[in-house]
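**Student:** After the structure tokens below, expect a handful of questions from me.
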Amino acid sequence: MYAQTCRGARRSPGIGPLRCPTADQSCKGARMRKSIRTGAVFATALALAATGVGVASPAAGLFGEAEINPIESNLASKYWASASATGGDDTAHFAIDQDASTAWIAAAAGDALTLDLGGAYNNARKLALEFPDAGAVYQYTVEGSADGQTWSTIADESESTQARAGGVHVFTVEGTRYIRVTIQGATEGARLGITEIAVYNYLRDEMVLGADMSWVDGDTRQYWVSPLEADRGAGPHLLDVAKDRGMEFTRLRIFNEPRNEGNGAVLAVPSQGPARSLAVAEQVVDRGMQLGIDFHYADSWADPGKQPKPRAWAELPFDQLTDAVYDYTHDYVGQLIDQGTTPDKVAVGNEIIHGMMWGSEAQLSADDSAPVWSGANPGYFRNQAAVYQSQPGGGILWQYWNSEDAGERALYLESFDRFTTLLAAGISAVHDASPETKVELHAVVRNEGYDGRTGLEMTSEFWGQVLSRLEAKGLAPDYIAHSYYPEWHGSPEVMERNLQTISAAHPEYKMTVAETSYPASGANGAPMPNSTYPRTVQGQADAIQRVFQMVNDLPNHTGAGVLTWEPQRWQSMFRSVPGLTNTSEPHASIDIYNKSAATHVVEDRVFSSAGVGEELTLPSTVDVLSVADGVVSPAAVQWITTGDETATAGRVEVRGSTEFGTIVAIVDVVPTVGVEVTPRSLAGKVYLSVAVTNTYDVPVSIVVSTAYGSKTFANVAPGATVSASANSRLTAVPAGNVTVAVTGESVSETKSVSYAPFAIGG
């Protein structure tokens with residue numbers, strides 16, 4: 001984590017600000033840097049982002065206001081999704097371009113559009129379709145598949161007679177990767193195709209959400225959910241509140257021998273040291289939370305701008321340094337196990353994009369043209385160079401990355417060899433001490449790269465060099481992790497692309513965001529750099545939930561979890577309670593941990609069509625899918641209508657309510673031809689006389705169909721009336737219907753008009 005910026009401190013350009021001392025240290029003049037849903041197909045979907053996934057209860061007792069809804073994201077909008085078709089393939093991409101003015105147009109009935117989500121998704125639970133022409137009947141089937149070979153039916157509307165411009169379907173298909181929509185037919189004259197298709201993903205149960213809360217060591221504040229209420233809720237320990245609000249995982253950083261970052265002096269109170277962290281680990285496990293250990297392998301902060309060796313190891317030859325890493329790691333994990341706090345995960349190093357435990361290799365760069373150089377921070381690394389830079393370490397010599405000089409290229413590769421040798425020692429120690437404990441390696445993707453390369457190119461090179469070496473040793477990690485702070489690592493969209501690119505290159509590894517945060521105040525609410533979220537309680541909730549979403553959306557379920565960094569201190573999710581000494585309460589944003597997962601997914605939009613002035617008919621129920629068991633059941637809808645929804649042509653929205661939240665009907669009110677049906681007697685037989693008036697402003701073709709024959713009229717002018725007479729050859733006819741099909745430029749209407757029984761002389 002990049003933490004505080006100390007005035008007067010020197011740093012290498014582009015590496016990030018320096019850390020100030022820990023909570024036990026002073027830092028005169030230091031200043032703390034203060035400061036969804038995606039891809040909805042329809043405009044209505046943006047307004048309804050909260051609906052269809054259960055109702056969020058008010059955040060009573062928490063500070064501030066934040067509307068927190070279960071995460072829902074449109075996978076079809078991701079850049080890694082693609083579409084193909086059996087007919088009209090050159091327009092297939094228009095079905096996922098998030099532009100309602102474009103469409104995939106099939107070549108003929110029976111053509112299919114196939115959406116490839118780029119990987120498997122177990123929690124893809126809803127899809128939405130929109131068709132090109134309002135007022136038309138579309139007949140279609142929807143199927144889902146994990147492999148593109150075996151298909152499961154999601155929806156069968158092949159016999160539909162309902163005019164509607166779209167459809168929403170809830171479903172469960174294990175490991176969904178492909179969605180296939182086959183257009184079986186449509187009203188004569190209507191365009192066959194799809195304007196937009198959306199497939200919505202929801203938070204998986206296995207996504208682990210938590211925080212690094214290392215500063216709980218020695219924290220004497222009281223934390224309460226509702227400190228001003230008679231029932232204050234969970235507290236007074238920070239971990240009580242964290243667990244109560246849904247955090248599942250706590251990470252603790254470990255400094256070998258905590259020291260002042262400026263001068264290297266041993267701290268009187270060794271916060272986040274091995275002994276004190278053992279006690280905190282017990283507090284974590286006692287509350288039923290998962291435990292993570294983050295070895296910095298340093299006596300003070302280790303991050304991209306500084307990776308000092310521990311003082312006790314600083315002058316060790318490299319082979320002895322490697323042994324020290326193994327022994328220390330093995331011993332500490334053993335101590336955790338002995339006290340009943342076996343860690344669920346161990347991070348070997350912290351933000352190690354430039355290596356770790358820097359040593360004499362820093363002397364190869366005389367200035368800050370490279371991340372690892374002799375004048376790097378912390379202060380004691382620079383000022384006590386005879387100690388800390390006396391022996392080789394694990395710093396990466398990025399300055400030789402692109403060198404064409406054979407000697408410099410050799411130095412570059414040797415630096416990775418040393419670095420991964422140290423990593424292998426730590427990983428091996430964890431495996432030997434606790435085979436069930438998972439291992440994580442934690443880097444960053446810099447917002448800018450190095451030596452003309454992008455940050456993503458640099459991190460991709462890092463993982464390629466590191467993982468290939470560790471795999472060769474049989475010591476690959478279980479997780480690869482990154483930090484994400486928009487001010488240093490780019491916009492959410494950039495970070496999402498970074499994560500997906502790295503995950504696609506190394507699909508065998510689970511991926512996490514090991515650190516993230518966002519401020520709830522500061523800068524008059526202006527967003528952080530590279531962000532659109534305001535610095536408010538709501539903005540904090542939205543920004544962090546967006547990180548949950550980007551990790552959850554990684555294909556093939558590689559995204560495994562997200563941790564916020566020190567939420568009680570850094571860009572805090574808490575505030576000091578006015579009038580109460582030493583007491584904090586959480587912001588309403590903290591409920592992202594317990595409200596981000598959907599319990600139900602609802603058919604939250606229905607599509608309908610009606611003629612101008614006709615009675616509006618809407619469904620009495622919508623489908624609801626239980627995420628827990630995949631069962632779909634009906635939910636009653638109470639619609640709120642005014643009676644004038646069909647007064648004029650156009651698209652109108654009608655809202656309704658269910659026990660699961662708001663539902664919206666999207667109704668296309670279309671002009672409709674005037675039709676009059678009159679049974680009459682002629683020559684002793686019953687004739688049906690049908691008069692049709694073209695109420696459209698363009699010429700149309702009209703087909704009148706009865707049980708006793710049909711007749712076609714071509715190029716009927718606007719306002720003109722045509723008449724058809726059908727001879728039943730009967731003296732009496734039962735009640736029936738006359739169907740009128742109208743087609744023309746941007747016109748496609750089918751209208752059915754009923755008539756009563758009629759008998760001659762009756």
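**Student:** State the number of residues belonging to region 64-89 that are farther than 19 Å from Tyr200 by Cα and crowded, with 23+ Cβ neighbours inside 10 Å.
**Tutor:** Residues meeting the conditions: 2.
**Student:** Against the conditions (1) farther than 30 Å from Met247 by Cβ; (2) part of a strand (DSSP E or B), where does Glu615 fall short? Just the number, please.
**Tutor:** (2)
**Student:** Looking at region 261-295, which of the residues that are touching a helix residue (DSSP H, G or I) at 6+ places or on another chain (Cβ under 9 Å) and of a type in the set (D, E, K, R) is surrounded by the fewest Cβ atoms within 10 Å (Cβ to Cβ)?
**Tutor:** Asp286
**Student:** Tell me the residue from Asp303, Asp299 that is over 27 Å from Leu209 (Cα atoms) and either out of contact with any helix residue (DSSP H, G or I) (no Cβ under 9 Å at 6 or more places or on another chain) or modelled with pLDDT of 95 or more (or both), please. Please lay out each step first, then the result.
**Tutor:** Details: Asp303 fails: over 27 Å from Leu209 (Cα atoms).
After ruling out the rest, the residue left standing is Asp299.
**Student:** Going through Val722, Val698, Val742 one at a time, which residue ends up being farther than 27 Å from Ser620 by Cβ, in a loop (DSSP other than H, G, I, E, B) and of a type in the set (A, V, I, L, M, F, W, C)? Explain how you work it out, then say what you get.
**Tutor:** Working: Val722 fails: in a loop (DSSP other than H, G, I, E, B); Val742 fails: in a loop (DSSP other than H, G, I, E, B).
Only one candidate passes the filter, namely Val698.
Rundown of residues vs (1) more than 17 Å from the chain's Cα centre (by Cα); (2) under 30 Å from Glu645 (Cβ atoms), yes/no style:
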residue	(1), (2)
Gly539	no, no
Ile544	no, no
Ser572	yes, no
Gly579	yes, no
Val601	no, yes
Arg605	yes, yes
Ser608	yes, yes
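**Student:** Inside region 184-204, can you point out the residues that are in a loop (DSSP other than H, G, I, E, B) and either closer than 30 Å to Ala741 by Cβ or at pLDDT below 95 (or both)? Steps first, answer last, please.
**Tutor:** Of region 184-204, the ones in a loop (DSSP other than H, G, I, E, B) are 187-192, 195, 203-204.
Thr187, Glu188, Gly189, Ala190, Arg191, Leu192, Thr195 - these are the residues of region 184-204 that are in a loop (DSSP other than H, G, I, E, B) and either closer than 30 Å to Ala741 by Cβ or at pLDDT below 95 (or both).
**Student:** If you scan region 562-593, which residues turn out to be under 27 Å from Leu499 (Cα atoms) and of a type in the set (Gly, Ala, Ser)?
**Tutor:** Ser572, Ser589, listed by residue number.
**Student:** For Thr662, are the conditions met, namely being within 25 Å of Val606 (Cα to Cα), of a type in the set (S, T, N, Q), crowded, with 20+ Cβ neighbours inside 10 Å and touching a strand residue (DSSP E or B) at 6+ places or on another chain (Cβ under 9 Å)? Before you say what the answer is, go through the steps one by one.
**Tutor:** Numbers: within 25 Å of Val606 (Cα to Cα): yes; of a type in the set (S, T, N, Q): yes; crowded, with 20+ Cβ neighbours inside 10 Å: no; touching a strand residue (DSSP E or B) at 6+ places or on another chain (Cβ under 9 Å): yes.
For Thr662, the condition - within 25 Å of Val606 (Cα to Cα), of a type in the set (S, T, N, Q), crowded, with 20+ Cβ neighbours inside 10 Å and touching a strand residue (DSSP E or B) at 6+ places or on another chain (Cβ under 9 Å) - is not met.
**Student:** Name the residues in region 95-123 that are of a type in the set (Phe, Trp, Tyr) and within 21 Å of Asn201 (Cα to Cα), would you?
**Tutor:** Residues of region 95-123 of a type in the set (Phe, Trp, Tyr): 104, 121.
Within region 95-123, Tyr121 is the sole residue that qualifies.
**Student:** Tell me yes or no: at least one residue of region 236-244 is more than 21 Å from Asp432 (Cβ to Cβ) and either modelled with pLDDT under 95 or among the aromatic types (Phe, Trp, Tyr) (or both).
**Tutor:** Going through region 236-244, the residues more than 21 Å from Asp432 (Cβ to Cβ) turn out to be 236-244.
Right, trim to either modelled with pLDDT under 95 or among the aromatic types (Phe, Trp, Tyr) (or both) and you get none.
There is no residue in region 236-244 that is more than 21 Å from Asp432 (Cβ to Cβ) and either modelled with pLDDT under 95 or among the aromatic types (Phe, Trp, Tyr) (or both).
**Student:** Could you please find all residues in region 319-375 being among the hydrophobic types (A, V, I, L, M, F, W, C), under 24 Å from Glu436 (Cβ atoms) and assigned to a helix (DSSP H, G or I)?
**Tutor:** Hits for region 319-375 are Val325, Val333, Leu336, Ile337.
**Student:** Hey, another quick one. Being within 23 Å of Asn69 (Cα to Cα), part of a strand (DSSP E or B) and more than 19 Å from the chain's Cα centre (by Cα) narrows it down to one of Val225, Val142, Val181, Val168, so name that one.
**Tutor:** Working: Val225 fails: part of a strand (DSSP E or B); Val142 fails: within 23 Å of Asn69 (Cα to Cα); Val181 fails: within 23 Å of Asn69 (Cα to Cα).
Just a single option satisfies the conditions, and that option is Val168.
**Student:** Checking the structure you have, find out if any residue of region 491-500 is modelled with pLDDT of 95 or more, in a loop (DSSP other than H, G, I, E, B) and either more than 22 Å from Met213 (Cβ to Cβ) or not assigned by TED's automatic domain parsing to the domain that holds Glu351 (or both).
**Tutor:** At the first step, the residues of region 491-500 found to be modelled with pLDDT of 95 or more are 491-500.
Narrowing the set further to residues that are in a loop (DSSP other than H, G, I, E, B) leaves 491.
Among the residues that remain, those that are also either more than 22 Å from Met213 (Cβ to Cβ) or not assigned by TED's automatic domain parsing to the domain that holds Glu351 (or both) are: 491.
The answer is yes; a qualifying residue exists.
**Student:** Return the residue satisfying two criteria in turn: it lies in region 725-739 and is in contact with a strand residue (DSSP E or B) (Cβ under 7 Å, 6 or more places away or on another chain) and not in a strand (DSSP E or B), and of such residues it is surrounded by the fewest Cβ atoms within 10 Å (Cβ to Cβ). Let's see the steps before the verdict.
**Tutor:** First, pick out the residues of region 725-739 that are in contact with a strand residue (DSSP E or B) (Cβ under 7 Å, 6 or more places away or on another chain): 725-733, 735-739.
Now narrow it down to the ones that are not in a strand (DSSP E or B): 728-731, 735.
Working: Ser728: 18, Arg729: 11, Leu730: 13, Thr731: 14, Ala735: 9.
Among residues in region 725-739 that are in contact with a strand residue (DSSP E or B) (Cβ under 7 Å, 6 or more places away or on another chain) and not in a strand (DSSP E or B), the one surrounded by the fewest Cβ atoms within 10 Å (Cβ to Cβ) is Ala735.
**Student:** Consider Ala298 carefully, then state whether it is of a type outside the set (S, T, N, Q) and either crowded, with 23+ Cβ neighbours inside 10 Å or under 16 Å from Tyr388 (Cα atoms) (or both). Spell out how you get there, then give the answer.
**Tutor:** Working: of a type outside the set (S, T, N, Q): yes; either crowded, with 23+ Cβ neighbours inside 10 Å or under 16 Å from Tyr388 (Cα atoms) (or both): yes.
Criteria met by Ala298.
**Student:** Specify which of the listed residues (Gly193, Gly233) is crowded, with 24+ Cβ neighbours inside 10 Å, more than 25 Å from the chain's Cα centre (by Cα) and either farther than 30 Å from Gly273 by Cα or among the aliphatic types (A, V, I, L, M) (or both).
**Tutor:** On the way: Gly233 fails: crowded, with 24+ Cβ neighbours inside 10 Å.
Answer to the selection: Gly193.
**Student:** For region 676-686, indicate whether the set of residues that are closer than 27 Å to Tyr200 by Cβ and either modelled with pLDDT under 90 or part of a strand (DSSP E or B) (or both) is non-empty. Walk me through it before giving the result.
**Tutor:** Quick first cut of region 676-686, residues closer than 27 Å to Tyr200 by Cβ only: none.
No: zero hits.
**Student:** Right, next: Please list, ordered by first then second residue, the pairs with beta carbon atoms under 9 Å, 6 or more apart or interchain, first in region 330-342 and farther than 17 Å from Asp286 by Cβ and assigned by TED's automatic domain parsing to the domain that holds Val439, second aromatic (Phe, Trp, Tyr) and at pLDDT 95 or above.
**Tutor:** Tyr332/Phe295
**Student:** A follow-up question, please. Would you check which residues across region 406-462 are in a loop (DSSP other than H, G, I, E, B), of a type outside the set (Phe, Trp, Tyr) and within 24 Å of Ala504 (Cα to Cα) and list them?
**Tutor:** Of region 406-462, the ones in a loop (DSSP other than H, G, I, E, B) are 434-437, 444-454.
Next cut, of a type outside the set (Phe, Trp, Tyr) only: 434-437, 444-449, 451-454.
Residues satisfying the conditions are Val444, Val445, Arg446, Asn447, Glu448, Gly449, Gly452, Arg453, Thr454.
**Student:** Quick check, is Leu228 hydrophobic (A, V, I, L, M, F, W, C) and buried (at least 23 other Cβ atoms within 10 Å of the Cβ)? Spell out the reasoning first.
**Tutor:** Details: hydrophobic (A, V, I, L, M, F, W, C): yes; buried (at least 23 other Cβ atoms within 10 Å of the Cβ): no.
Here the answer is no, as Leu228 does not meet what is asked.
**Student:** For the condition surrounded by 18 or more Cβ atoms within 10 Å (Cβ to Cβ) and aliphatic (A, V, I, L, M), what is the one hit in Ala504, Ala481?
**Tutor:** Working: Ala504 fails: surrounded by 18 or more Cβ atoms within 10 Å (Cβ to Cβ).
None of the others qualify; the one that does is Ala481.
**Student:** Among Glu461, Glu471, Glu493, Glu457, which is under 25 Å from Asn552 (Cβ atoms) and of a type in the set (Asp, Glu)? Steps first, please.
**Tutor:** Values: Glu461 fails: under 25 Å from Asn552 (Cβ atoms); Glu471 fails: under 25 Å from Asn552 (Cβ atoms); Glu457 fails: under 25 Å from Asn552 (Cβ atoms).
After ruling out the rest, the residue left standing is Glu493.
**Student:** Looking only at residues in region 624-657 that are acidic (Asp, Glu) and surrounded by fewer than 16 Cβ atoms within 10 Å (Cβ to Cβ), which one is farthest from the chain's Cα centre (by Cα)?
**Tutor:** Step one: list which residues in region 624-657 are acidic (Asp, Glu), which gives 629, 644-645, 653.
Keeping just the survivors that are surrounded by fewer than 16 Cβ atoms within 10 Å (Cβ to Cβ) gives 629, 644, 653.
Numbers: Asp629: 22, Asp644: 40, Glu653: 28 Å.
Result: Asp644.
**Student:** Only residues that are farther than 27 Å from Thr187 by Cβ and part of a strand (DSSP E or B): list them for region 745-762, please.
**Tutor:** Those that are farther than 27 Å from Thr187 by Cβ and part of a strand (DSSP E or B): Phe758, Ala759.
**Student:** Could you tell me which residue of region 135-153 is surrounded by the most Cβ atoms within 10 Å (Cβ to Cβ), considering only residues that are β-branched (Val, Ile, Thr) and under 14 Å from Thr172 (Cα atoms)?
**Tutor:** Within region 135-153, the first condition is being β-branched (Val, Ile, Thr), and the residues that meet it are 137, 141-142, 150, 153.
This time we only want the ones that are under 14 Å from Thr172 (Cα atoms), so: 142, 153.
On the way: Val142: 21, Thr153: 11.
My answer is Val142.
**Student:** Glu653: of a type in the set (D, E, K, R), within 30 Å of Ser626 (Cα to Cα) and touching a strand residue (DSSP E or B) at 6+ places or on another chain (Cβ under 7 Å), yes or no?
**Tutor:** On the way: of a type in the set (D, E, K, R): yes; within 30 Å of Ser626 (Cα to Cα): yes; touching a strand residue (DSSP E or B) at 6+ places or on another chain (Cβ under 7 Å): yes.
So Glu653 fits the description; yes.
**Student:** Among the candidates Tyr326, Tyr388, which residue alone is hydroxyl-bearing (Ser, Thr, Tyr), more than 40 Å from the chain's Cα centre (by Cα) and closer than 18 Å to His296 by Cα? Write out each step before concluding.
**Tutor:** Numbers: Tyr326 fails: more than 40 Å from the chain's Cα centre (by Cα).
It is Tyr388.
**Student:** Okay, moving on. Can you name the residue in region 343-398 that is surrounded by fewer than 23 Cβ atoms within 10 Å (Cβ to Cβ) and touching a strand residue (DSSP E or B) at 6+ places or on another chain (Cβ under 8 Å) and, of all such residues, is nearest to Val445 (Cα to Cα)?
**Tutor:** Looking at residues that are surrounded by fewer than 23 Cβ atoms within 10 Å (Cβ to Cβ) and touching a strand residue (DSSP E or B) at 6+ places or on another chain (Cβ under 8 Å), I get Asp344.
The values are calculated or read from the model by the stated rules, or taken from the named source; none is laboratory data. These numbers come from a predicted model, not from an experiment. Counting neighbours? That spans all protein chains shown, and the Cβs are built from the backbone with ideal geometry, glycine included.
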